[in-house]
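Below is one structure, written out as C-alpha cells; comments come after it.
The values are calculated or read from the model by the stated rules, or taken from the named source; none is laboratory data. Here the structure is a predicted model, which means the values were calculated and not measured. When we count neighbours, we look across all protein chains shown, and the Cβ atoms used for this are built from the backbone with ideal geometry, even at glycine. The protein model used for the area step is the full one, side chains on, heavy atoms only, and it has no ligands, DNA or RNA in it. Shrake-Rupley method; radii C 1.70, N 1.55, O 1.52, S 1.80 Å.
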Amino acid sequence: MISIEPSILSADPLAIGEQAEEVERCGVDTIQVDVMDGHFVPNITFGPRLVRALHNRLKLRLDVHLMMVDPDRLIKTFAEAGANRLIIHQEASPDLYRILQTIKELKVEAGVALNPGTPVEAVEEVMQLVDVIQVMTVNPGYGGQDFIQSQLTKIKRIRKMLDENNLQKPVAVDGGIDPATAPLAVQAGAEILVAGSSIFNHNGTVAENIKALRDSLKGTIKEGN
Ligand code: DX5
C-alpha cells in the first residue's frame, strides 16, 4: 500500500483548515504537519495549537514532523493536542532512544527522520522501536526544493535493513516528491510519500494534484517484487 501524505507546509497559510478538508475529501487518511523551531532548521512554522485545531476539525490522522532540537520538551504537548504520529530527527538529540520510548508510552506512533547527510546506520539501533523511518529527500526547512536523487540508495538500504530484520514497517520519503520522483521513490522501497508543493499550488486543484501523483504510480512496481 502506497500512501500519499500531503504536507500542509505548502498550503495557503490563510486557508489551512479549508485546504486540509479538501485533502480529506480526496480520500487521503493522513496529513503531515511540519513543526520547525528556527534552530534545528532555519525556519519557524506551526505549534501545538494548530495540531489541536486540525484534530478537532478533521477525521484525518495527524503526522507531526518535529524539526526541532530537544523535541522531548514538547512531545507530550503535541500528543495531547491530537498527534497520531510524532516523527523526531535522529540528529535532534543525543537522547533519541529515550524520547522514542516516551512517544510510545504516550500511545502515539513514533517515527525517526534522517537528514540527507545522516547514514542509515544511525537508526539501526531504533528500528525495532519505531513505526516508520522517514528519509529526508531534501534538506529540511522549506517546501518546493529539488529531490536529492542520491537518497534513493538510502531508501533501498533502509528497506533492506528492515526486511532482513523481518520488520514490516514503512519507509517514508519527504521532500521534492512529485509525479516524476514519486515512482522512483516507490521503486526504491518507499511506502509513504510526503508531498507539499506538488499538491498545494496554482497549477491545479488539490484533487487534481493528488490524482496526478496517484496516476504517476500506476504500474510502478517496487524493485524486487
Ligand atoms: C521540509 C518538510 C517537507 C516539505 C515538503 O522540511 O519536511 O514536508 O513540506 O515539501 P515539498 O513536497 O514541496 O518538497
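Pairs of lysines in the chain whose Cα atoms sit within less than 21 Å of one another amount to 16, provided the residues are eight or more positions apart or on different chains. Among the trypsin sites (Lys or Arg not before Pro) in the range 1-109, those placed in a DSSP loop whose Cβ has at most 10 other Cβ atoms within 10 Å are LYS59, LYS107. Calculation over all alpha carbon pairs of the range 11-73 in 10 angstrom steps from 0 returns a P(r) of 21, 52, 25, 3 percent.
Between PHE40 and VAL69, the built amide H atoms are under 5 Å apart, and every one of these is 5 or more places off in sequence or on another chain. Secondary structure note: in the chain, about 5% of the DSSP beta bridges are antiparallel. Computed on the chain, with alpha-carbon pairs under 8 angstrom and 6+ residues apart, the relative contact order is 20 percent.
Once you order the gyration tensor axes a ≥ b ≥ c over the Cα atoms, which shape class does the range 55-148 get: rounded for a/c under 1.5, otherwise prolate or oblate by comparing a/b with b/c? Note, shape of the range 55-148 comes out oblate.
Among the GluC sites (Glu not before Pro) in the range 88-138, none sits in a DSSP loop with a Cβ that has at most 14 other Cβ atoms within 10 Å. A cut-off of 5 Å between modelled amide H atoms, ignoring neighbours fewer than 5 places along the same chain, links LYS169 with no other residue. Ranking GLU18, GLU191 by solvent-accessible area of protein heavy atoms (1.4 Å probe, all protein chains present), from largest to smallest, gives GLU18, GLU191.
Averaging the Cα positions of each part gives two centres, and for the range 47-104 and the range 148-225 these lie 23 Å apart. Placing +1 on the Cβ of every Lys and Arg and -1 on the Cβ of every Asp and Glu, with nothing else charged, gives the chain a dipole about its Cα centre of roughly 340 debye. Each principal axis of the chain carries a Cα extent, and these read 42, 42, 29 Å when sorted largest first. Using C-alpha pairs below 8 Å separated by at least 6 residues, the relative contact order for the range 75-198 is 20 percent. Note: relative contact order over the range 164-225, using C-alpha pairs below 8 Å and six or more positions apart, is 39 percent. Here's the picture: a label point sits 7 Å out from the Cα of ARG49 along the beta-carbon direction, and within the range 8-34 the residues with their amide nitrogen under 16 Å of it are 13-17. For the range 157-222, the Kirkwood estimate of hydrodynamic radius, built from reciprocal distances between every pair of different alpha carbons, is 12.6 Å.
For trypsin sites (Lys or Arg not before Pro), the sites in the range 119-225 that DSSP calls loop and that have at most 10 other Cβ atoms within 10 Å are LYS218.
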